[in-house]
Amino acid sequence: MKKIFLLTFMLATFIFSGCGGNSDDGKLKIVTSFYPMYLDAINIAGGVEGVEVTNLTAPQAGCLHDYQLTTEDMKKLERADIFIVNGLGMEKFLDKVAAEKKNLKIIDASKSDEIFLLKDGEEINPHVWLSVTYAMQQVRVISAELCALDPAHADAYKKNTLEYLDKLSTLRDEMHLALDNLPNKDIITFHEAFPYFAAQFKLNIVGTIEREPNSEPTPQELADTIQVVKSLPVKVLFTEPQYSPKAAETIARETGAKIFTLDPITTGESIPENENDYIEKMEKNMLTLVEALGK
């Protein structure tokens, strides 16, 4: 009878504590796909007792368009209870993960009717976190899913979420105040990372330097971009810190354009990273745009 009672008690404890833990330390293991999702997760779950947040890819990995899972990545996912992803095709390896790790709970941060998607040709643009409003919605989605999967820590998740959303709301107000009424609105970005950002802050993307990162533009594409730059009243180009500025430098030499940097916030220096890194990098982007376009 004692054995039966003990077994029943252990089973009930597992059921009512939410997700179990795949490691000997009994912690709930949350893994995020790449840096923007990691920043969301540490703001929601970081510091919650009994919860561990790690990132799958190196903090310098950047966008995961062509990322190939490594053996070490698969080991991390084997130990994980929950996997938080951006979705929208950013993680092209996701179908493989879902097929091989059937017990892994996957949270798709972009699965929301409040996020209105933009397309690059026939493909959905996945860079939704660069709209502060949509970044806030991703935080809400992640938080709600974590509360459902791990009710034992729901109160802590909710408290952290409200605090982070308040910071993001303040950031959004600050950026609207600085950017909505800039005298110049036309920008040429490095690649197709900024349409959601531009839509939020009333900017017009009139050209891109590279259609895909790390793919050199063709001579015709370079010539076309040069002509667009020459037609602009304020000749500026925006590169990204994750990629070589070589093509932008070529265009600048031909047009006299000045080069600035906008950060899509896909990388960090290290992990664990500053939990306010999204906010600080967006503020830096704001100041860059004011300097470049506020003439």
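A178 passes every criterion in (1) within 23 Å of E91 (Cα to Cα); (2) in contact (Cβ under 8 Å) with a residue 60 or more places away in the chain apart from (1). Residue count for the range 245-268, restricted to those that are open to solvent by 60 Å² or more (accessible area, probe 1.4 Å) and out of contact with any Asp or Glu (no Cβ under 9 Å at 6 or more places or on another chain): 5. Of the residues screened, L203 is not one that is in contact (Cβ under 8 Å) with a residue 24 or more places away in the chain, in contact with a Phe, Trp or Tyr (Cβ under 6 Å, 6 or more places away or on another chain) and open to solvent by less than 40 Å² (accessible area, probe 1.4 Å). When the range 145-156 is limited to residues that are among the hydrophobic types (A, V, I, L, M, F, W, C) and in contact (Cβ under 8 Å) with a residue 40 or more places away in the chain, the one that is least open to solvent (accessible area, probe 1.4 Å) turns out to be L146. Strands (runs of 3 or more DSSP E) fully within the range 34-144 that include at least 2 residues being surrounded by 22 or more Cβ atoms within 10 Å (Cβ to Cβ) and hydrophobic (A, V, I, L, M, F, W, C): 51-55, 82-85. The single condition among (1) at pLDDT 95 or above; (2) on the phi < 0 side of the Ramachandran plot that L88 does not meet is (2).
The rows are residues; the columns are (1) closer than 23 Å to L182 by Cβ; (2) at pLDDT below 95.
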| site | (1), (2) |
| --- | --- |
| E221 | no, yes |
| I226 | no, no |
| F238 | yes, no |
| Y243 | no, yes |
| E254 | no, no |
| I259 | yes, no |
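Scanning the range 157-177 for residues that are open to solvent by less than 90 Å² (accessible area, probe 1.4 Å) and within 25 Å of A199 (Cβ to Cβ) gives T161, Y164, L165, K167, L168, S169, T170, L171, R172, E174, M175, H176.
The values are calculated or read from the model by the stated rules, or taken from the named source; none is laboratory data. Here the structure is a predicted model, which means the values were calculated and not measured. Glycine gets a Cβ as well: all are built from the backbone with ideal geometry, and neighbour counts include every protein chain shown. Quick note on the areas: whole protein, heavy atoms, side chains included, nothing else; ligands and nucleic acids left out. Shrake-Rupley method; radii C 1.70, N 1.55, O 1.52, S 1.80 Å.
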